[in-house]
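First comes the structure, then the notes that go with it.
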Amino acid sequence: ARIVFLLPQHFHFNLMPVFLFVLQTPKKKITRELVQTVLARKPKMCSFLEWRDLKIVYKRYASLYFCCAIEDQDNELITLEIIHRYVELLDKYFGSVCELDIIFNFEKAYFILDEFLLGGEVQETSKKNVLKAIEQADLLQEEVSVISHSYTVSEITLKHAR
Amino acid sequence: KSKEAEIKRINKELANIRSKFKGDKALDGYSKKKYVCKLLFIFLLGHDIDFGHMEAVNLLSSNRYTEKQIGYLFISVLVNSNSELIRLINNAIKNDLASRNPTFMGLALHCIANVGSREMAEAFAGEIPKILVAGDTMDSAKQSAALCLLRLYRTSPHLVPTGDWASRVVHLLNDQHLGVVTAATSLITTLAQKNPEEFKTSVSLAVSRLSRIVTSASTDLQDYTYYFVPAPWLSVKLLRLLQCYPPPGEEIRPAVRGRLTECLETILNKAQEPPKSKKVQHSNAKNAVLFEAISLIIHHDSEPNLLVRACNQLGQFLQHRETNLRYLALESMCALASSEFSHEAVKTHIETVIAALKTERDVSVRQRAVDLLYAMCDRSNAQQIVAEMLSYLETADYSIREEIVLKVAILAEKYAVDYTWYVDTILNLIRIAGDYVSEEVWYRVIQIVINRDDVQGYAAKTVFESLQAPACHENLVKVGGYILGEFGNLIAGDPRSSPLVQFNLLHSKFHLCSVPTRALLLSTYIKFVNLFPEVKPTIQDVLRSDSQLRNADAELQQRAVEYLRLSTVASTDILATVLEEMPPFPERESSILAKLKKKKGPGTVMGLEEGKRERGPDINGGPEPAPASATSTPSPSADLLGLGAVPPAPAGPPPSSGGLLVDVFSDSPSAVAPLAPGSEDNFARQGPCLPPTPDPGPVSIPCSEQNLGPPVQCKVTLPWFVCKNNGVLFENQLLQIGLKSEFRQNLGRMFIFYGNKTSTQFLNFTPTLICSDDLQTHLSLQTKPVDPTVDGGAQVQQVVNIECVSDFTEAPVLNIQFRYGGTFQNVSVKLPITLNKFFQPTEMASQDFFQRWKQLSSPQQEVQNIFKAKHPMDTEITKAKIIGFGSALLEEVDPNPANFVGAGIIHTRTTQIGCLLRLEPNLQAQMYRLTLRTSKETVSQRLCALLSEQF
């Protein structure tokens, strides 16, 4: 299974806000079209493509494609590095992140993203500051509920992590 | 494993959760969170979720952080703005914002920023600016608040009025915390686009912030340094902010301007330094800043030096091994090509860009290369670029073919010096990519052929030859049918293309064509009947055949019937009138250009056009890009049809309205009268069937003078005539003044032609030559008065004899007074009699030149001027201008072949003044240095001033 994160800078179309997972065949036509476009790219091609009235910036990490949709005026290279910094943050938090980390802890992936990007704009680029904020929240979590992740949804996800 | 199994499993889970939510037993917070989280996950797998919102909203009011957090996440991802829950959600957010608990506040702000609905804007637009500028707000909350406000402003700008907080937000650019600065910069950039005035103080703050960043050592900014690049995100954002404003004024804020230029130079310098790391992240971050800096340089478009440096830097990227950089360099260069300062510098990369077109493996990169070629095209390289685009078209991806076709068609027309080349290019286009040639393109070629009689014979011959191909595209049949119908007679003398051969050739394609094309061919046939009486029987036979007269298509049938009838009944005179050659089309914006604009969005194409226009008219001419037959002359016979006033309407084949035809047939003149009112209506109904109803779009006459309202105009056209002796001096709606002049030594004669463009007489027409007292002592002018009445449409001529007594600076003024339809008209123009007209060229060898140059070395004798190029720095044009100026152009005299030197003698009644000149172009800086040495100071000064205006 492949995952596409979308981080639209401005939400022109009715995509789900912030980002979404797309496993296999996404339902919405618009996301399906985008996923097909991106997956059709060959290695060595350039990481930017025009799509509708947006530019898509994408980067592949192992089996994961990370995509951002940006507007014409936005800077492509810095967007590539937004993706990379986010991957670094996940990596640091999970300790060498893999696809399953993100799937089983998708809420963490969201929280990290919210600290880093907000409403499609960069909020905090310092790795230390982002992770500090997440760790603080985690501490809070420990205090209040000692129970661990027994609720994980793993029983329904394993099948899709192909 | 399978899709069905997955759906089954999920449905089971959903049913389970639903029953838990509906169950009698109230769920505790933990279970609620667990199920809400499961629902979210299922949603992210791509399944619809239509319940659970209420439970999520309940979680918002939990005091447990994790439960609140999941509640907010669910809302952020799944809530839609028209949900009735929004009131409940807003309530919970309000409580959390007021809670003074920073983590709760953070969650609430994140939720607003992520959802950003209108209802949220209504509820929080007042509150968030307060949080943003309050002194005791934590840094992280400030960051979130800034981006929240930005989000709300984007969704509902009218709900977020800028208030007194604006100036305090601007000062966040000075904040110590770079994260706060980053978020604030995003906010200010968006706000400043709409309210530049309110945020203009941000410019100097942004410049000083940027300056501190780019000059800092890579370790200074600690965790904000990314792979040895100091704060790349913030740098990019600051540079973006500066693009909301014009360059800081040189006079008002020289310090800011200087500091910004320094920053930009530093960024450009850093690009040349060896990389501090081999990691792609390092180079990406560094180049992200560089590209944004280049965008700013292009946006300012005011520093030739920076523009050329930017161009050179991008030139290096064109050959970089990273595809991303090649792509971005091509894209960025497109913008540089339309700046007058860097256009020439961009052109030097033409070979690399052409190579990219051939070798790039990624279509999106090739597309950028096509765009760039289009942007860098001008008269000097048009032939090469068009040829390359045509050859690329043969293998181009289908997705971009139509666009390339449009681009080729536009360039071919715009830069056609030789219209045979234009015709060849368009026919090639149809041959290579006929399916992608839109109607606009073939309409346009026909308009141009009709408007230019020098190309008509060639066009007829070429389409005839192209039609010989066994399989040719239907668009070619259309163009061929139309052109042969109009101009087939021009090639009919050759037995290989006799009328019958032409007809048979066209008719052999008839059955393979669609209905609209067949309709067009029928019109061609009836035109043939007029052009070639000898094929009339053959054509009548064809028209009479059942497949025409009883065609199932009403339009074809009607045409066949009417044309057959017309050919039988009408006399040759009437035929000749009805089937008259098409009158020229009025000039207007090319419909192809309009189409490309529509396709690409106005930005790109407009930019190109404006950029090109700034460079102004090309003094030494060559044909202007657009065919200049602005003064269209409706053929006299068109008036017979009452169409004289409406030249665009085709007076050619009769419209397919039965009633109208009857009118035409009745020979009596009285019947002609009612024709006119109806005719427009009939033409409007022709639709696509008749020969190209000239393209849609507003009629605009390019020659703007013609549309000038008040006819009293004083125009300074002097620079135009400095290097030219003939041309139109003045034109408005009423009057055109043309000039023709010749000079020999200190004498000259000028013919002034006054043309009355109206149909009414000019009365009391009195042109007067006015010389100031001072000028009279230097220049003697003699002329005779002209006839005081100028009939409508007539032209009168006046001869002026000129003698140069001694050197002079001023120009005489020509004042014309006359009465037109009861109003008094007064026009004043400067007469282009300039000192250089009395130049006689002198050839001399290098040695002599330098000897004389040295002789004229006293400071009064030399005048030098350094100035910016106003026109493209084209060597050939420059040479032509120097010769037009009157001096000899001395080749191989200057050791630097790029320089121009000239020599000549100014003749006056009393003396002869030797003049030497040297012009040194600096392509890099787009500047010239012009030096003149003559034996007389005033002459040096005057000539230098005159010639400087020319480049």
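The values are calculated or read from the model by the stated rules, or taken from the named source; none is laboratory data. Computed from a prediction, not measured in an experiment: that's the story for all the values here. Cβ coordinates were reconstructed from backbone atoms using ideal geometry, including for glycine residues, and neighbour counts include every protein chain displayed. Heavy atoms of the whole protein, side chains included, go into the accessibility calculation; ligands, DNA and RNA do not. Shrake-Rupley method; radii C 1.70, N 1.55, O 1.52, S 1.80 Å.
Some values worked out for this structure:
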read-out: Failed item in (1) surrounded by 13 or more Cβ atoms within 10 Å (Cβ to Cβ); (2) over 40 Å from the mean Cα position of the chain (by Cα); (3) farther than 16 Å from B:Asn732 by Cα, with B:Arg819 passing the rest; value: (3)
read-out: Residues that are hydroxyl-bearing (Ser, Thr, Tyr) and at pLDDT below 85, drawn from segment B:548-592; value: B:Ser571, B:Thr572, B:Thr577, B:Ser590, B:Ser591
read-out: Residue list for segment B:330-356, filter: open to solvent by less than 10 Å² (accessible area, probe 1.4 Å) and either farther than 17 Å from B:Ala293 by Cα or within 11 Å of chain A (Cβ to nearest Cβ) (or both); value: B:Leu330, B:His343, B:Val346, B:Val353, B:Ile354
read-out: Qualifying residue in segment B:789-803 (condition: small (Gly, Ala, Ser), in a strand (DSSP E or B) and under 30 Å from B:Ser759 (Cα atoms)); value: no
read-out: Total residues in segment B:82-103, condition facing chain A (nearest Cβ under 10 Å) and either touching a Gly at 6+ places or on another chain (Cβ under 9 Å) or not polar (S, T, N, Q) (or both); value: 1
read-out: Residue list for segment B:318-329, restricted to those being touching a residue at least 24 places away in the same chain (Cβ under 8 Å), more than 8 Å from chain A (Cβ to nearest Cβ) and either among the hydroxyl-bearing types (Ser, Thr, Tyr) or out of contact with any Ser or Thr (no Cβ under 6 Å at 6 or more places or on another chain) (or both); value: B:Gln319, B:Glu322, B:Leu325
read-out: A:Ile102 being open to solvent by less than 20 Å² (accessible area, probe 1.4 Å) and at pLDDT below 85; value: yes
read-out: From the options A:Val87, A:Val97, residue that is hydrophobic (A, V, I, L, M, F, W, C), touching a strand residue (DSSP E or B) at 6+ places or on another chain (Cβ under 7 Å) and more than 10 Å from chain B (Cβ to nearest Cβ); value: A:Val87
read-out: Only one of A:Leu49, A:Leu23, A:Leu7 that is open to solvent by less than 30 Å² (accessible area, probe 1.4 Å), touching a Ser or Thr at 6+ places or on another chain (Cβ under 7 Å) and either within 10 Å of chain B (Cβ to nearest Cβ) or at pLDDT below 70 (or both); value: A:Leu49
read-out: Scope segment B:799-816; condition under 23 Å from B:Val728 (Cβ atoms) and either touching a Lys or Arg at 6+ places or on another chain (Cβ under 6 Å) or open to solvent by 10 Å² or more (accessible area, probe 1.4 Å) (or both); matching residues; value: B:Val799, B:Asn801, B:Glu810, B:Ala811, B:Val813, B:Asn815
read-out: Tally of residues being over 12 Å from B:Ala271 (Cβ atoms) and either part of a loop (DSSP other than H, G, I, E, B) or over 23 Å from the mean Cα position of the chain (by Cα) (or both) across segment B:293-305; value: 4
read-out: Hey, B:Arg240 buried (at least 19 other Cβ atoms within 10 Å of the Cβ), within 30 Å of B:Leu107 (Cβ to Cβ), among the charged types (D, E, K, R) and touching a residue at least 12 places away in the same chain (Cβ under 8 Å) or not; value: yes
read-out: Test: residue in segment B:50-73 that is within 53 Å of the chain's Cα centre (by Cα), outside any helix (DSSP H, G or I), at the interface with chain A (Cβ under 8 Å from one of its Cβ atoms) and surrounded by fewer than 23 Cβ atoms within 10 Å (Cβ to Cβ); value: no
read-out: Residue in segment B:35-47 that is surrounded by fewer than 17 Cβ atoms within 10 Å (Cβ to Cβ) and within 11 Å of chain A (Cβ to nearest Cβ) present; value: yes
read-out: Among residues of segment A:68-78, those that are surrounded by 24 or more Cβ atoms within 10 Å (Cβ to Cβ) and either touching a helix residue (DSSP H, G or I) at 6+ places or on another chain (Cβ under 6 Å) or within 16 Å of B:Thr225 (Cα to Cα) (or both), counted; value: 4
read-out: Helices (runs of 4 or more DSSP H) contained entirely in segment B:473-585, each with at least 1 residues that are in contact (Cβ under 8 Å) with a residue 24 or more places away in the chain, farther than 24 Å from B:Tyr458 by Cβ and touching an Asp or Glu at 6+ places or on another chain (Cβ under 7 Å); value: B:515-531
read-out: Per-region count, segment B:357-381, residues of a type outside the set (Lys, Arg) and within 14 Å of chain A (Cβ to nearest Cβ); value: 10
read-out: Residue check for A:Ile82: under 11 Å from the mean Cα position of the chain (by Cα), at the interface with chain B (Cβ under 10 Å from one of its Cβ atoms), over 24 Å from B:Leu45 (Cα atoms) and surrounded by 16 or more Cβ atoms within 10 Å (Cβ to Cβ); value: yes
read-out: Filter result for B:Lys237 (more than 9 Å from every other protein chain (Cβ to nearest Cβ), basic (Lys, Arg) and within 28 Å of B:Ser302 (Cβ to Cβ)); value: no
read-out: Number of the exception - B:Thr137 against (1) more than 10 Å from chain A (Cβ to nearest Cβ); (2) surrounded by fewer than 17 Cβ atoms within 10 Å (Cβ to Cβ); value: (2)
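Yes or no, residue by residue, for (1) open to solvent by 90 Å² or more (accessible area, probe 1.4 Å); (2) acidic (Asp, Glu); (3) part of a strand (DSSP E or B):
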residue	(1), (2), (3)
B:Trp853	no, no, no
B:Ser858	no, no, no
B:Ile866	yes, no, yes
B:Ala903	no, no, yes
B:Leu916	no, no, yes
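A quick yes/no check of all residues on (1) without any contact (Cβ under 8 Å) to a residue 60 or more places away in the chain; (2) assigned to a helix (DSSP H, G or I); (3) open to solvent by 10 Å² or more (accessible area, probe 1.4 Å); (4) farther than 22 Å from B:Ile112 by Cβ:
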{"site": "B:Ser144", "(1), (2), (3), (4)": "yes, yes, no, no"}
{"site": "B:Leu152", "(1), (2), (3), (4)": "yes, yes, no, no"}
{"site": "B:His158", "(1), (2), (3), (4)": "yes, yes, yes, no"}
{"site": "B:Val170", "(1), (2), (3), (4)": "yes, yes, no, yes"}
{"site": "B:Thr182", "(1), (2), (3), (4)": "yes, yes, no, no"}
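Residue by residue, here is whether (1) open to solvent by less than 30 Å² (accessible area, probe 1.4 Å); (2) farther than 21 Å from A:Val122 by Cβ; (3) more than 13 Å from chain A (Cβ to nearest Cβ) holds:
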{"residue": "B:Ala192", "(1), (2), (3)": "yes, no, yes"}
{"residue": "B:Glu198", "(1), (2), (3)": "no, yes, yes"}
{"residue": "B:Arg209", "(1), (2), (3)": "yes, no, yes"}
{"residue": "B:Ile213", "(1), (2), (3)": "yes, no, no"}
{"residue": "B:Ser216", "(1), (2), (3)": "yes, no, yes"}
{"residue": "B:Val229", "(1), (2), (3)": "yes, no, no"}
{"residue": "B:Gly249", "(1), (2), (3)": "yes, yes, yes"}
{"residue": "B:Ala255", "(1), (2), (3)": "no, yes, yes"}
